[in-house]
1. Suppose we filter region A:31-52 for residues that are closer than 17 Å to residue A:75 by Cβ, assigned to a loop (DSSP other than H, G, I, E, B) and within 12 Å of another protein chain (Cβ to nearest Cβ); how many remain?
2. Here's a check for you: in region A:9-24, which residue that is open to solvent by less than 50 Å² (accessible area, probe 1.4 Å) and within 11 Å of the chain's Cα centre (by Cα) is nearest to residue A:75 (Cα to Cα)?
3. Within region A:42-51, is there a residue that is open to solvent by less than 20 Å² (accessible area, probe 1.4 Å), touching a Lys or Arg at 6+ places or on another chain (Cβ under 8 Å) and within 30 Å of residue B:7 (Cβ to Cβ)?
4. Tally time: how many residues in region B:23-68 are aliphatic (A, V, I, L, M) and open to solvent by 40 Å² or more (accessible area, probe 1.4 Å)?
5. State all residues of region B:85-110 that are open to solvent by less than 70 Å² (accessible area, probe 1.4 Å), within 14 Å of chain A (Cβ to nearest Cβ) and not hydrophobic (A, V, I, L, M, F, W, C); if no residue qualifies, say none.
6. Condition first: open to solvent by 40 Å² or more (accessible area, probe 1.4 Å) and either at pLDDT 95 or above or of a type in the set (Ser, Thr, Tyr) (or both). Now tell me which residues in region B:69-84 satisfy that.
7. Quick one: count up the residues across region A:25-41 that are within 13 Å of the chain's Cα centre (by Cα) and surrounded by fewer than 18 Cβ atoms within 10 Å (Cβ to Cβ).
8. So, in region B:1-22, exactly how many residues are open to solvent by less than 60 Å² (accessible area, probe 1.4 Å) and in a loop (DSSP other than H, G, I, E, B)?
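The values are calculated or read from the model by the stated rules, or taken from the named source; none is laboratory data. Because the structure is predicted, anything quoted here is derived from the model rather than measured. In this analysis, Cβ positions are derived from the backbone assuming ideal geometry, glycine residues included, and neighbour counts consider all displayed protein chains. Note: areas computed on protein heavy atoms with side chains; ligands, DNA, RNA excluded. Shrake-Rupley method; radii C 1.70, N 1.55, O 1.52, S 1.80 Å.
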Amino acid sequence: QQQVKQSPQSLIVQKGGISIINCAYENTAFDYFPWYQQFPGKGPALLIAIRPDVSEKKEGRFTISFNKSAKQFSLHIMDSQPGDSATYFCAARFQKLVFGTGTRLLVSP
Amino acid sequence: EPEVTQTPSHQVTQMGQEVILRCVPISNHLYFYWYRQILGQKVEFLVSFYNNEISEKSEIFDDQFSVERPDGSNFTLKIRSTKLEDSAMYFCASKGLIYNEQFFGPGTRLTVL
């Protein structure tokens, strides 16, 4: 119940394309859903986050879509750039953060 | 911009030895966390700390682990008798009172030989 399932495990997107990463959860008590970006050798950094009472949040090229009834949320990266190449983790919070398994994104030039 | 700092960046130790990982959270934050990430795997919650006591801990955080806030700035994770499987990146995070965001430090890579 505390798990957050994330897919795909890895993703290759051409420069300028759209990257889409999906997550699903079971625990309806989760009240906050952040996405973290992690570069090799660095700690996770918050990218964008959403609360369950909102269906979409956009910040620049990054958009979270949230489907409360399906218990799913996704990250869309528009106009993907080589600098976006990193590992992305979704997470969900009920008191503590529960992380997804991560998606390694490679944006090819 | 304020940030969470961690020392050392890399710690190598022998199995059975004690290690202390140090963190300096962002100065006005009140909630403190430790996470670990085994190479290539997801980030896992270890423990949260608020008001000078543990507020939640995971099943990973057994009797070999302890946390302390020895003064007004440091937050430490102690592993009493390290095992090979403790080898991982350990991340400290802190959070303020109002906003939800947890700020992560750069991590300490612990290698147990």
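1. First, pick out the residues of region A:31-52 that are closer than 17 Å to residue A:75 by Cβ: A:32-39, A:44-52.
From what is left, the residues that are assigned to a loop (DSSP other than H, G, I, E, B) are A:39, A:44, A:51-52.
Filter once more, so that each one left must be within 12 Å of another protein chain (Cβ to nearest Cβ): A:39, A:44, A:51.
Of the residues in region A:31-52, 3 are closer than 17 Å to residue A:75 by Cβ, assigned to a loop (DSSP other than H, G, I, E, B) and within 12 Å of another protein chain (Cβ to nearest Cβ).
2. Here the answer is A:21.
3. First, the residues of region A:42-51 that are open to solvent by less than 20 Å² (accessible area, probe 1.4 Å): A:43-44, A:48-50.
Subsequent filtering for residues that are touching a Lys or Arg at 6+ places or on another chain (Cβ under 8 Å) retains A:48-50.
Next cut, within 30 Å of residue B:7 (Cβ to Cβ) only: A:48-49.
Checked against the condition, which is being open to solvent by less than 20 Å² (accessible area, probe 1.4 Å), touching a Lys or Arg at 6+ places or on another chain (Cβ under 8 Å) and within 30 Å of residue B:7 (Cβ to Cβ), region A:42-51 yields at least one hit.
4. Residues of region B:23-68 aliphatic (A, V, I, L, M): B:24, B:26, B:30, B:38-39, B:43, B:46-47, B:54, B:60, B:67.
Of the ones still in play, those that are also open to solvent by 40 Å² or more (accessible area, probe 1.4 Å) are B:24, B:30, B:38-39, B:54.
Qualifying residue count for the region: 5.
5. B:90, B:94, B:95, B:96, B:100, B:101, B:102, B:105, B:106, B:107, B:108
6. Scanning region B:69-84 gives B:73, B:78, B:80, B:81, B:83, B:84.
7. As a first pass, look at region A:25-41 and keep what is within 13 Å of the chain's Cα centre (by Cα): A:25, A:32-38.
Pick out the ones that are also surrounded by fewer than 18 Cβ atoms within 10 Å (Cβ to Cβ) and you get A:32.
So the answer is 1.
8. Residues that pass the stated criteria total 3.
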